[in-house]
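Report on the structure given below.
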Ligand code: CLF
Ligand code: SF4
């Protein structure tokens with residue numbers, strides 16, 4: 001077995017991970033420096049009017065910045081198996097559905113295995129900037145494992161931001177520890193602030209050695225979630241709130257949740273669709289509770305978008321996810337594989353790579369602004385959606401047949417705005433187009449007027465056109481937003497010239513199938 005190594009940032013020397021772990025084991029206090037987000041990229045792309053200290057925390061966090069998610073990756077380590085509540089959209093055989101899709105079993109890790117995995121991934125994927133603990137149960141129902149993992153990682157990989165996602169029941173008891181470990185980003189899943197609504201989502205919670213049920217359980221949960229949120233924001237820790245949209249149960253109520261969390265200082269609100277199918281074996285799956293359609297989800301997100309940022313790029317990822325949001329590289333980093341890997345944690349190399357990413361981001365923003373300027377003065381109230389096949393970096397760089405998801409942008413004379421993504425079945429199966437998959441792709445992007453791709457074959461092109469969706473391949477490998485604005489300008493021109501009649505599109509389906517782990 002090769003010795004795993006890490007680079008000591010201050011002295012630039014290589015040390016073994018085993019030696020660091022030994023030091024950590026002997027270290028009784030805390031005082032770790034990990035997760036403070038001190039990337040040295042220095043770019044101002046996308047900062048807008050964010051205060052610099054907040055920008056430093058979000059600029060390369062793929063969940064807290066939509067713009068960053070095209071460029072930076074996160075990873076989760078599944079060190080937290082137990083949970084202290086029951087959600088009706090969760091089946092305990094699988095990962096926490098608050099941060100993952102049901103239907104996925106993770107490999108459970110010890111904190112030491114987790115730290116080794118983080119170094120292995122960080123050495124292979126230099127744009128991996130965030131380590132999150134999100135399950136497969138609740139991280140704070142497993143505090144010893146969770147904080148031990150953070151401690152090890154802050155010692156061995158100090159440039160990686162630490163992130164935590166919790167149901168919030170145990171949160172008030174751990175806020176000081178979270179602050180001490182420099183965990184700068186905490187997500188709380190808050191689905192209600194009214195215990196009557198909560199009783200329809202949570203059959204029980206377990207707190208202080210006692211099981212609570214019904215409205216009493218939901219009241220306890222909401223009180224502790226909101227108190228935990230306040231305690232975190234008072235300490236300057238950036239908080240995101242995740243909410244699962246359950247039509248007929250909490251959909252309209254989430255506007256009230258939005259107000260409640262905004263007033264307590266939450267930075268970002270992420271409203272996710274319920275994913276529910278009978279084969280998941282959840283209460284909602286078995287009772288036939290449906291998830292929202294794409295239009296229902298977008299309408300609620302639009303209603304909640306005031307002064308508070310809405311997250312629309314969440315991929316409801318697995319508790320052992322690795323890679324850019326929307327891609328899954330976890331199969332490359334099984335415990336067996338990472339034990340065989342030679343790990344060279346090159347901090348300077350990572351920083352140099354990230355500096356290049358920042359240059360790319362600046363170029364992308366400049367190209368978008370330049371194109372947007374050409375739209376200045378255009379008068380039109382047309383707003384429409386387009387889908388984009390991308391592998392990342394903000395480019396149209398994926399073939400139609402290879403896309404596992406499409407990103408969706410809303411176009412208007414104000415520009416191009418990312419509003420979501422749609423997971424689809426692969427159209428290209430072993431070199432051939434699959435007609436059934438094509439129909440699911442069309443249903444998933446049915447609300448879009450066009451689909452931008454790097455390449456597309458003649459058959460799917462004809463079927464898309466027949467469905468009223470224009471395939472656009474003339475901007476292959478160019479920046480997404482710049483290209484979308486350029487296309488939209490042409491669209492408006494055709495409408496103005498009477499060559500085209502603008503007609504609104506229908507609704508689209510959000511894929512409900514579980515993600516299957518790659519072998
Ligand atoms: Fe992970 Fe969550 Fe941190 Fe991101 S995920 S713990 S904040 S690093 Fe991100 Fe995944 Fe959505 Fe979560 S896309 S499920 S919001
Ligand atoms: Fe499942 Fe997560 Fe809810 Fe616990 S908090 S019951 S693991 S979805």
## Note on the structure
residue 321 vs (1) within 16 Å of ligand 2 (Cβ to nearest atom); (2) modelled with pLDDT under 85: all pass except (2)
### Task
Name the one entry in 414, 444, 462, 467 that is without any contact (Cβ under 8 Å) to a residue 60 or more places away in the chain and closer than 25 Å to residue 270 by Cβ.
414
### Task
Would you be able to tell me the number of residues in the range 66-97 that are under 28 Å from residue 116 (Cβ atoms), in a loop (DSSP other than H, G, I, E, B) and away from ligand 2 (no atom under 16 Å from the Cβ)?
2
### Task
Could you identify the single residue in 347, 384 that is modelled with pLDDT of 85 or more and not assigned by the TED database to the domain that holds residue 460?
347
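Take residue 191 and decide whether it is at pLDDT below 95, part of a loop (DSSP other than H, G, I, E, B) and either within 15 Å of ligand 1 (Cβ to nearest atom) or touching a strand residue (DSSP E or B) at 6+ places or on another chain (Cβ under 6 Å) (or both).
Criteria not met by residue 191.
Answer yes or no: is there a residue in the range 129-149 that is away from ligand 2 (no atom under 16 Å from the Cβ), assigned to a loop (DSSP other than H, G, I, E, B), within 18 Å of the chain's Cα centre (by Cα) and at pLDDT 90 or above. So that I can check it myself, show each step before the final result.
Initially, the range 129-149 is screened for residues away from ligand 2 (no atom under 16 Å from the Cβ), giving 129-131, 144, 147-149.
Those left that are additionally assigned to a loop (DSSP other than H, G, I, E, B): none.
No, the range 129-149 contains no residue that is away from ligand 2 (no atom under 16 Å from the Cβ), assigned to a loop (DSSP other than H, G, I, E, B), within 18 Å of the chain's Cα centre (by Cα) and at pLDDT 90 or above.
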### Task
Answer with yes or no whether residue 359 is part of a helix (DSSP H, G or I) and crowded, with 16+ Cβ neighbours inside 10 Å.
no
### Summary
With criteria (1) within 14 Å of ligand 1 (Cβ to nearest atom); (2) over 28 Å from residue 255 (Cα atoms); (3) crowded, with 24+ Cβ neighbours inside 10 Å, residue 117 comes up short on (1)
### Summary
Only one of (1) within 16 Å of ligand 1 (Cβ to nearest atom); (2) farther than 19 Å from residue 129 by Cβ does not apply to residue 334, and that is (1)
### Query
Any idea which of 94, 89 is touching a helix residue (DSSP H, G or I) at 6+ places or on another chain (Cβ under 9 Å), assigned by the TED database to the domain that holds residue 274 and modelled with pLDDT of 85 or more?
89
### Summary
Checked the range 172-188 for anything within 16 Å of ligand 2 (Cβ to nearest atom) and crowded, with 24+ Cβ neighbours inside 10 Å; matches are 186, 187, 188
### Residue in the range 314-337 that is farthest from residue 61 (Cα to Cα), counting only those that are surrounded by 21 or more Cβ atoms within 10 Å (Cβ to Cβ) and out of contact with any strand residue (DSSP E or B) (no Cβ under 6 Å at 6 or more places or on another chain)
318
### Message
Here is a check on your reading of the model: is residue 464 farther than 21 Å from residue 302 by Cβ and surrounded by 20 or more Cβ atoms within 10 Å (Cβ to Cβ)?
### Response
yes
### Query
In this structure, does residue 172 turn out to be more than 15 Å from ligand 1 (Cβ to nearest atom) and in a loop (DSSP other than H, G, I, E, B)?
no
### Query
Of everything in the range 427-443 that's surrounded by fewer than 14 Cβ atoms within 10 Å (Cβ to Cβ) and under 21 Å from residue 327 (Cα atoms), which residue is modelled with the highest pLDDT?
429
### Task
Return the residue satisfying two criteria in turn: it lies in the range 263-279 and is surrounded by 23 or more Cβ atoms within 10 Å (Cβ to Cβ) and farther than 18 Å from residue 302 by Cα, and of such residues it is farthest from ligand 1 (Cβ to nearest atom).
276
#### Entry: Condition check for residue 160: in the same structural domain as residue 75 (by the TED database) and within 16 Å of ligand 1 (Cβ to nearest atom)
yes
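The values are calculated or read from the model by the stated rules, or taken from the named source; none is laboratory data. Not measured: the values here are computed from a predicted model. Quick reminder, even Gly has a Cβ in these numbers, built from the backbone with ideal geometry, and neighbours come from all protein chains shown.
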